[in-house]
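Enquirer: Before I ask anything, let me first share the structure, which is written out below as structure tokens.
The values are calculated or read from the model by the stated rules, or taken from the named source; none is laboratory data. Keep in mind it's a predicted model, so treat the numbers as computed, not measured. Quick reminder, even Gly has a Cβ in these numbers, built from the backbone with ideal geometry, and neighbours come from all protein chains shown. Only protein heavy atoms, including side chains, enter the accessible area calculation; ligands, DNA and RNA are left aside. Shrake-Rupley method; radii C 1.70, N 1.55, O 1.52, S 1.80 Å.
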Amino acid sequence: MTSLSARVVAYASVREFVPLYGLYALLFEDHGLDTRSISSLFVLWSVVAFVSEVPSGAWADTVSRRGLLFGSGALLTAAFTTWLIWPGYWGFALGFVLWGISESMKSGTFEALVYDELAARGCEHRYAAIMGYANAGEMTCVFVAILTAAPLFELGGYALVGWVSVAITVVDIALVGTLPAAPKVEEADEIAGRGDTVLVRYMSSLRAGTSEIRTDRVVRRSVVLAAALLACLAFDEYFALLARESGAETGFVPVLVALTAVGQVVGAATAGRTATMSGRTMGAVVIVGSALIAGGALAGGIAGFTAIGVGYGALHNTAIVAEARLQDTMSGRARATVSSVVGLTSEVLSVAVFAAYAIGSLWLPMAALVAVTVLPLVGLGVVVPRLLPAARPAGTERER
């Protein structure tokens, strides 16, 4: 288990060690894009991701999951490279198309690979903890990468920040080879044993996953909750712009944004401890976290971004727990497909967030936009107790 955890955390963490994350919104702005144009790029990113989300999940239930992760890494490398060699609206747009496809190939695929490997070892109850560590590793790398962006920018501007980011994505591609290749627990493998084609297996996986969501009320509610909580994390795309609006210099913006990453590290690392929280507890955490983000956005500065970090960390924790409950709830016949529907739904909700920012920027400053757009989360916190499945005791299976 120690070896498995280390490999999972290493892959997930290095993929997020991208200094460009702390500055790419400013990169766009400094190349002539306003908030509406930047929001349109984010919408394009989400649209591409959700269009390809479920099909890629079905492929992950049909072909090699590690193979898809290799392809995902290659597309991510190509996305950042495109931004550097074609720094204009259409170059940024092409980069987001590549990045969106890359994320859809990873989303659902990685989670299913880890869960099925744990299932093969009889350790499904460790999923929330391991994915929490993986997410904490991701956020730690985001934190360090964002802080690294400041000195890199001073040394070589956006070019140095970008090419260092590209080099790191190449390293992460190599780490895919260290991941396990657990047997899939679904009907598609039985079809393969009868000699059916890849296309037949693909369609079988797609039908099995979508049918489970359609017919199983518990799974359906779990998908909605996990997707809604993941969509909450779309706000961070505007944190750099929020920091600049509050008066921070470009070199200090990554420091403020890094404060939000610290909160997410703590929230993710503690997911194993909070994995059995009740629906009422999760609802309260969502409401309090939302209030902290809204208040922090209006306050600004170090104190404000610290509050945002605490609120974001709380929401990140609940998202991991909700996704772990979903993994426990589903049958496993088409695990990656069902997980990808979560990604699809969260991307649709993210598009709504980005559209709200694009329209709202015509009348409201960024601080007010952030405060207003987190208000719907209060409503989500109220209904969480109805959507969150009960925690499953270790070593037991869900009754059907």
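Enquirer: Just checking: which of the helices (runs of 4 or more DSSP H) contained wholly in the range 35-112 hold 2 or more residues that are within 21 Å of VAL9 (Cβ to Cβ) and at pLDDT below 90?
Expert: Correct list: 65-85, 89-106.
Enquirer: Now for a separate question. Of everything in the range 35-60, what is of a type outside the set (Val, Ile, Thr) and free of Cβ contacts under 8 Å to residues at least 60 places away in the same chain? Give them in sequence order.
Expert: Residues satisfying the conditions are SER37, LEU41, LEU44, TRP45, SER52.
Enquirer: For residues that are farther than 25 Å from ALA268 by Cα, modelled with pLDDT of 90 or more and open to solvent by less than 20 Å² (accessible area, probe 1.4 Å), tally how many sit in the range 1-32.
Expert: Final tally of qualifying residues: 2.
Enquirer: Would you please name the residue that is surrounded by the most Cβ atoms within 10 Å (Cβ to Cβ), looking only at residues in the range 269-325 that are more than 22 Å from VAL114 (Cβ to Cβ) and polar (S, T, N, Q)?
Expert: So the residue we want is SER290.
Enquirer: Out of curiosity, is TRP59 within 17 Å of the chain's Cα centre (by Cα) and farther than 22 Å from THR318 by Cβ?
Expert: no
Enquirer: Of the residues in the range 92-116, how many are charged (D, E, K, R) and over 15 Å from GLU53 (Cβ atoms)?
Expert: 1
Enquirer: Also, quick follow-up: Return the pair list, or none, for Cβ contacts closer than 9 Å from residues in the range 353-364 that are in contact (Cβ under 8 Å) with a residue 60 or more places away in the chain and assigned to a helix (DSSP H, G or I) to residues that are acidic (Asp, Glu) and surrounded by 15 or more Cβ atoms within 10 Å (Cβ to Cβ), at least 6 apart or on different chains.
Expert: Listed pairs, sorted by first residue: VAL353/GLU237; PHE354/GLU237; TYR357/GLU237.
Enquirer: Looking at the range 385-397, can you tell me whether even one residue there is open to solvent by less than 30 Å² (accessible area, probe 1.4 Å), modelled with pLDDT of 75 or more and in a helix (DSSP H, G or I)? Break it down stepwise before answering.
Expert: The initial filter retains those residues of the range 385-397 that are open to solvent by less than 30 Å² (accessible area, probe 1.4 Å), namely 388-389.
Add one more test, that the residue is modelled with pLDDT of 75 or more, and what stays is 388-389.
Then keep just the ones that are in a helix (DSSP H, G or I); that gives none.
The answer is no; no qualifying residue exists.
Enquirer: Same structure again: Taking the conditions exactly as written (open to solvent by 30 Å² or more (accessible area, probe 1.4 Å) and among the aromatic types (Phe, Trp, Tyr)), does PHE70 satisfy them or not? Walk me through how you get there before you give the answer.
Expert: Numbers: open to solvent by 30 Å² or more (accessible area, probe 1.4 Å): yes; among the aromatic types (Phe, Trp, Tyr): yes.
Yes.
Enquirer: Which count do you get for residues in the range 305-333 that are over 18 Å from the mean Cα position of the chain (by Cα) and more than 21 Å from PRO376 (Cβ to Cβ)?
Expert: Residues flagged as over 18 Å from the mean Cα position of the chain (by Cα) and more than 21 Å from PRO376 (Cβ to Cβ) within the range 305-333 amount to 8.
Enquirer: Residue by residue through the range 278-325, note down the ones that are part of a helix (DSSP H, G or I), over 19 Å from ALA371 (Cβ atoms) and among the polar types (S, T, N, Q).
Expert: Residues satisfying the conditions are THR281, ASN317, THR318.
Enquirer: In this structure, is ALA319 closer than 25 Å to ALA391 by Cβ and in contact (Cβ under 8 Å) with a residue 12 or more places away in the chain?
Expert: yes
Enquirer: Go through the range 1-18 residue by residue and tally those that are over 19 Å from SER72 (Cα atoms) and part of a helix (DSSP H, G or I).
Expert: Going through the range 1-18 one residue at a time, the tally reaches 5.
Enquirer: Next question. Mind listing just one residue for me: the one in the range 326-350 that is charged (D, E, K, R), modelled with pLDDT under 75 and in a helix (DSSP H, G or I) and, of those, farthest from LEU230 (Cα to Cα)?
Expert: Within the range 326-350, the subset charged (D, E, K, R) is 328, 333, 335, 347.
So of that shortlist, the ones also modelled with pLDDT under 75 come out as 333, 335, 347.
Retained after the next criterion (residues that are in a helix (DSSP H, G or I)): 335, 347.
Numbers: ARG335: 18, GLU347: 9 Å.
Selected residue: ARG335.
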